[in-house]
1. Report, by chain and number, residues whose modeled amide H sits under 5 Å from the one on TYR92, excluding near sequence neighbours (fewer than 5 apart, same chain).
2. If you line up the long axis of helix 460-481 against the longest principal axis of the chain, both from Cα atoms, how many degrees apart are they, to the nearest 10?
3. Which lysines does LYS75 reach when only Cα atoms under 20 Å apart count, and residues fewer than 8 places away in its own chain are ignored?
4. Mind jotting down the distance between the C-alpha centroids of the stretch 17-55 and the stretch 403-441, whole Å?
5. Spelling out what I want: for every residue of the stretch 78-90, take phi, set θ = phi - 60°, compute 6.51 cos²θ - 1.76 cosθ + 1.60 (Karplus), and round to whole Hz; glycine and proline get x.
6. Applying the Karplus parametrisation 6.51 cos²θ - 1.76 cosθ + 1.60 with θ = phi - 60° to the phi angles of the stretch 381-395, what ³J(HN,Hα) value in whole Hz is obtained for each residue in order, glycine and proline being reported as x?
7. Nothing charged except the Cβ atoms of Lys and Arg (+1) and of Asp and Glu (-1): what's the magnitude of the dipole of the chain about its Cα centre? Round to the nearest 20 debye.
8. How many angstrom lie between the Cα centre of the stretch 587-633 and the Cα centre of the stretch 163-178?
Amino acid sequence: MKRIIITSALPYANGPIHIGHLVEYIQTDIFVRLLKLLGKDVVYCCADDTHGTPVEIKASELRIKPEKLIKDVYKEHVEDFKTFLINFDSYYTTNSPENKHFSDTFFNRLKKKGLIYQKEIESFYDEKAKRFLPDRYIKGECPKCHTPDQYGDVCESCNATYKPTDLINPYSTITKEKPVRKKSIHYFFKLSALSEKLDNWLTKNKNLQPEIVNYVKNWIKDGLQDWDISRDGPYFGFKIPGEEDKYYYVWLDAPIGYISSFAYYLKDINKTEDQWNKADIIHFIGKDIMYFHFLFWPAMLMAADFNLPEALYVHGFLTVNGEKMSKSRGTFFTAKDFVKMYNPEYLRFYYARVLSKKMSDVDLNFKDFVDSINNELVANLGNFCYRVLSFLEKNFDGEIKNIEHNKELIEEIEKKIDTIKKAYLDLNFNEALREIMAISALGNKYFQEKEPWKLIKENKEKVHELLGLCVNITKNLCILIKPILPKFAEDLERQLNLENLTWKDINFKLKNHKIGKIDILINKVEAAKTVTFPLDLKVAQIIDVQDHPNADKLIVLQVDVGTEKRQLVAGLKEYYSKEELLNKKIIVVTNLKPAKLRGVESNGMLLAGQDGKNVGLLTVSESSPGDKVYIEGLENNESEITIEDFAKLDIRTKGGKVVYNDKFLKTKVEEVTVEKVKDNAKVR
């Protein structure tokens with residue numbers, strides 16, 4: 001049997017797994033579980049993508065070494081995947097000896113074939129920071145679609161790739177200064193030399209989604225640019241052989257992480273290449289990384305004499321309630337956020353319900369989500385399994401003997417089973433689940449029409465036979481739903497007193513069998529209420545400072561809150577001079593009930609930390625007046641509150657930042673900082 005190696009894109013090691021990421025991992029896991037049920041030899045490989053500037057940036061923010069960050073993030077990622085029943089055969093890291101080995105292998109083979117060359121280029125250099133700037137330390141306007149604040153390698157708006165020096169109005173994210181151009185020797189991969197081979201591969205591979213093939217071929221038609229595969233130090237990654245201060249660009253060693261993860265599974269680096277080249281490779285990715293996976297990666301594999309993917313399955317993005325996930329709207333959920341509200345299998349069920357082979361975006365509509373769990377999963381599948389098994393337990397001590405030979409019903413179900421298998425294999429999980437629910441509905445209809453609770457009084461033997469048929473339908477449903485709901489299926493297997501059921505066990509042959517202890521398999525859910533943050537916080541800029549006419553310790557501020565000007569009264573006179581305050585960007589509570597302080601009206605309140613000795617303002621540097629300040633996962637409350645309501649909130653300082661319920665206050669571009677005070681100072 002030919003082995004199949006299946007991968008999901010490597011999650012980046014600078015933050016938590018969120019429900020958008022989970023679309024891909026759930027999709028892949030369902031497919032892997034299906035193939036294993038069918039008896040295929042499948043290895044599911046993945047790893048944390050650990051190198052590059054974003055990791056360096058995040059580690060710097062947290063004041064820890066990158067190695068500590070990726071170790072901590074790895075642990076969190078593994079826990080989240082386990083919670084959502086993502087069953088990797090190998091989950092590894094790109095910061096590994098195996099990945100260094102294979103990165104060097106690729107580099108040396110490509111170089112030997114004349115596909116790597118050196119060229120002097122102009123790179124951006126930050127004179128103030130005294131360093132070359134990798135892609136993620138540069139921002140500017142996209143040269144293709146003109147979206148502002150895009151990084152130096154790829155536009156998050158139009159997915160275009162480009163050189164950092166192509167950016168319009170670039171600036172350093174370290175110092176905010178405009179960088180200068182400075183010459184440096186870089187290594188390039190001759191991607192252009194493989195254009196024809198790539199085009200042939202795209203044409204011949206019938207497993208690729210046609211709409212994506214056409215899209216990628218247009219890139220080839222437009223002319224492929226040779227690829228800069230090196231970065232100047234400092235850089236968190238692998239050094240290029242023979243170099244002291246040049247490193248592989250993260251996108252060179254990241255996809256090689258698929259091979260390294262497989263090596264980790266084999267526990268034998270020397271057998272890895274041979275085993276990889278004998279297997280069928282299938283990648284699951286999001287549409288934002290198509291360029292790398294349909295061009296750079298297959299070109300590298302071709303040139304290094306490694307097996308190319310048999311299939312590349314591309315999914316769309318996740319929207320929540322029809323819109324892009326938003327922290328300020330409270331619709332951005334990490335994996336951990338979600339399991340606080342719902343059973344993780346509910347998300348697997350919902351994603352399967354909408355996922356197909358098409359590259360369409362997936363919308364998590366929470367009303368539809370709750371309705372589908374309650375009206376389909378619980379009321380249909382859960383209800384059928386429970387009512388059959390509990391009736392059997394109550395009236396026949398949980399034992400079936402013979403089954404009713406209802407030929408018409410059995411043939412209808414068998415046809416649907418064939419449809420389900422094909423839909424699963426074609427990645428049309430929505431169709432597979434729809435047919436599974438249809439089988440459950442047929443079972444419910446059959447059970448309801450036979451009215452065993454009445455018939456048992458007249459013909460107990462007949463009821464026993466029809467229950468035998470219903471238990472067989474339940475067993476088959478258990479197997480069919482396994483890829484989507486593995487925990488539900490495991491619990492149902494235990495209640496059926498069966499174990500390790502596979503696709504071969506789908507039949508109507510279960511007789512003379514006693515089931516196990518019965519319990520409700522799944523419960524209805526209520527829609528989770530949107531969790532709100534009691535304050536409506538905005539960035540404001542101080543435009544005027546005056547003494548209070550009736551109080552020595554108070555000052556009167558005029559502030560710009562973006563769409564309006566407001567007057568605030570604050571007790572800052574002992575702690576700040578007028579010059580220090582003027583033009584400072586501060587954080588203001590805009591939904592506080594107006595009040596008069598010593599005869600002067602204050603329409604809102606600025607926030608400051610107080611540690612018993614000093615008072616320090618909450619400030620931002622990059623945000624604009626009127627920008628929202630929020631807590632990740634919480635929605636700001638715009639309803640008016642009183643000073644007494646505010647006093648109940650426990651907002652404190654931590655590491656120069658501000659936290660509420662262990663989450664940082666932030667704007668869309670930065671975290672809020674605090675001046676002058678120590679950690680754990682109360683914010684008021």
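1. CYS46, ALA47, ASP48
2. Long axis of 460-481 versus the principal axis of the chain: about 40 degrees.
3. In chain and number order, the partners are LYS58, LYS65, LYS336, LYS340, LYS663.
4. Their Cα centres are 26 Å away from one another.
5. Going residue by residue, I get 4, 4, 5, 5, 4, 4, 8, 6, 7, 9, 6, 7, 8 Hz, with x marking Gly and Pro.
6. Values, residue by residue: 5, x, 5, 4, 4, 5, 5, 5, 5, 5, 5, 5, 5, 5, 9 Hz.
7. Dipole size: approximately 540 debye.
8. For the stretch 587-633 versus the stretch 163-178, the Cα centre distance is 32 Å.
Read-outs: derived from the displayed coordinates by stated rules, not from any lab. Here the structure is a predicted model, which is why all the values come from computation and not from measurement. Because the Cβ atoms are built from the backbone with ideal geometry, glycine has one as well, and the counts that use them run over all protein chains shown.
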